[in-house]
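The values are calculated or read from the model by the stated rules, or taken from the named source; none is laboratory data. A quick note: this is a predicted structure, and the numbers were derived from the prediction, not measured. Ideal geometry is used to build each Cβ from the backbone, glycine not excepted, and the neighbour counts take in all protein chains shown. Accessible surface areas use protein heavy atoms only, side chains included; no ligands, DNA or RNA. Shrake-Rupley method; radii C 1.70, N 1.55, O 1.52, S 1.80 Å.
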Amino acid sequence: MSNAPRTTVIRSSGSYVPPQVVTNEMISRIMDTTDEWIVPRTGIRERRFCAPGVGPAELAEHAARRALEKAGLAPSDIGLVVFATMTPDHYFPGSGGLLAARLGLTTTPALDIRMQCAGFLSGLQTADAFIRSGAFDRVLLVGAEVHSGLMPWPESVWDVMLGRSPGPCDAYWYERATGMRDRAVLFGDGAGAMVLEANDSGDGRGFLGIVLKTDGNHWDKLYVPGGGCKSRPYFTPAMFESLGTIPIVEGRQVFRLASLLMPEAVREVLAASGHALEELHLLLMHQANLRINESVQRVLGLPDEKVFNNIQKYGNTTAATLPLVYDEAVEAGRIGPGALVGFTALGAGLHWGAALARI
Ligand code: ACO
């Protein structure tokens, strides 16, 4: 073993999305929206939604097994499971333990992270710190979301959307769904995973820096008002009736903050690790809105070949976006050995930051 400082490398990645494609046209069957409104403002053309009864731990298991298979590893080779989600299977316990159990692990510790769209970035920082400290040699990090569970309409409305019923949509639900159209069109379900492991070779590969920030003063720019133990009881029928269980999004504020803070974080992590922007091979951004990412790309002056987006197919999958977009970029041949890859995200909290890795 060399005396080089230990780093954390991405050994492999895997991703999984449920098979049900929901196009913008399908969404327009149950609310007043159009492909013509959605595409120019968000870039989103379609997303995936799970069948009822499928939770994030199940999606995560598929993504994790794909990552393990690519690495030629068994679940028992993992020292720690880290699970990032804002749409957990249950209020508690967290989905990390559920995933570990699905993988057949009965004593491996499993940690849950709830930092929404910055959850995977926080997971990278956590895994990196654990690995460099020597506490664990290998970490399975997963981001998985089932946003379809947040959609409040009954199965008969889903049937109209998915074409299982000719419609028309129930007028009461059409009006209610239209009232949340600014959010309902943005999200999708999916999962992504990475196997992260120790590198003691001194070959320069691994995470070179990670910055993560929080400003809780912006908590109400993006949050769910109904539910939570500040209320007694923590859920009431009235909350559901008033759509209090649906996230509130101050879309324009989030757009402004993301366009400002993500480029700043990228510049900061590059400077802290002694690298210039020009050295970056690829920047992978959280996929909340294609227009945000185009703005970040413009502010940083990056050419098209240095960014990669897949929000067009999946919408915003919150904690799953970074591993999902990383895995697809690898599969598309956009990330090779030795590449300098940046990651950046911003989400509810507010939490935001960036990471830099030599692959
Ligand atoms: N279809 C048709 N019309 C719509 C839709 C829709 N899906 N959504 C909103 N509209 C209408 C509104 O009703 C409003 O109409 P009005 O002027 O007659 O009242 C008009 O369009 C403008 O609505 P805004 O909500 O102000 O639309 P905006 O231009 O801000 O775009 C959007 C909304 C796309 C959400 C944008 O603000 C955005 O991308 N924000 C950042 C992304 C974001 O917040 N994501 C959620 C959080 S994700 C995360 O990663 C943390």
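Please report, in cubic angstrom per residue, the volume enclosed by the convex hull of the alpha-carbon atoms of region 173-330.
Per residue, the Cα convex hull of region 173-330 comes to 162 Å³.
What part of the accessible area of region 195-311, given as a whole %, is carbon or sulfur when the probe is 1.4 angstrom?
Its accessible area is 55 percent carbon and sulfur atoms.
In percent, how large is the relative contact order of the chain, given Cα pairs closer than 8 Å and 6 or more residues apart?
This gives 26 percent for the chain.
Counting C-alpha atoms alone, how compact is region 71-130: give Rg to one decimal and Dmax as a whole number, in angstrom.
Final numbers for Rg and Dmax: 11.7, 34 Å.
In a GNM of the chain with a 10 Å cut-off on Cα contacts, which of Gly192, Gly216, Gly333 has the highest mean-square fluctuation?
Gly333
Give the Rg (one decimal place) followed by the Dmax (whole number) of region 155-266, computed from C-alpha coordinates and expressed in Å.
Spelled out, the Cα radius of gyration and Dmax of region 155-266 are 20.8, 64 Å.
Would you compute the Debye intensity of region 172-225 from its alpha-carbon atoms alone, equal scatterers and no solvent, and pass along log10 I(q)/I(0) at q = 0.13, 0.19, 0.24 Å⁻¹ to two decimals?
Taken in order of the listed q values, log10 I(q)/I(0) reads -0.72, -0.97, -1.08.
Cross-link partners among lysines for Lys313, C-alpha distance below 25 Å, same-chain residues fewer than 8 apart left out?
By straight Cα distance, Lys313 reaches Lys70.
How many percent of DSSP beta bridges within the chain run antiparallel, rounded to 5?
In the chain, DSSP labels about 70 percent of beta bridges as antiparallel.
With viscosity set to 0.692 mPa s and temperature to 37 °C, compute the Stokes-Einstein D of region 7-199, Rh being the Kirkwood radius across alpha carbon pairs; µm²/s, no decimals.
185
Going from the alpha-carbon gyration tensor of region 1-89, what semi-axes, largest first and in whole Å, does one get by taking the root of 5 times each eigenvalue?
37, 17, 11
Once all Cα-Cα distances of region 302-358 are split into 5 Å bins that start at 0, what whole-number percent is in each one?
4, 15, 27, 28, 17, 7, 1
Run the helix sum for the chain: -39,500 (n - 2.57) per DSSP H stretch of 4+ residues, divided by residue count, reported at 222 nm to the nearest 500 deg cm²/dmol.
-10000 deg cm²/dmol, from helical runs alone.
Taking only the C-alpha atoms, wrap a convex hull around the chain and report its volume per residue in Å³ as a whole number.
For the chain, the hull spanned by Cα atoms encloses 135 Å³ per residue.
Given a 1.4 Å probe, how much area per residue of region 233-355 is accessible, in Å²? Walk me through the intermediate numbers first.
Numbers: 4780 Å² over 123 residues.
Using a 1.4 Å probe on heavy atoms only, each residue of region 233-355 averages 39 Å².
Could you give the nm distance between label points at Glu278 and Ala238, where each point is 7 Å from its Cα heading toward the beta carbon?
Here the modelled spin labels are 6.3 nm apart.
Can you tell me the mean projection area, over all orientations, of the convex hull of region 230-292's alpha carbons? Units nm², please.
If I average the Cα hull's projected area over directions, I get 7.1 nm².
Would you grab the residues whose amide H sits under 5 Å from the one on Gly190? Only those 5+ places off in sequence or on another chain, please, with H modelled 1.01 Å from N.
Counting only residues 5 or more places away or on other chains, the set is Glu145, His147.
Could you give the length gained on full extension between Val299 and Ala171, defined as 0.36 nm per residue of separation minus the Cα-Cα distance, in nm?
Full-extension gain reported as 41.7 nm.
In Å², what does the accessible area per residue of region 7-199 work out to with a 1.4 Å probe?
Using a 1.4 Å probe on heavy atoms only, each residue of region 7-199 averages 40 Å².
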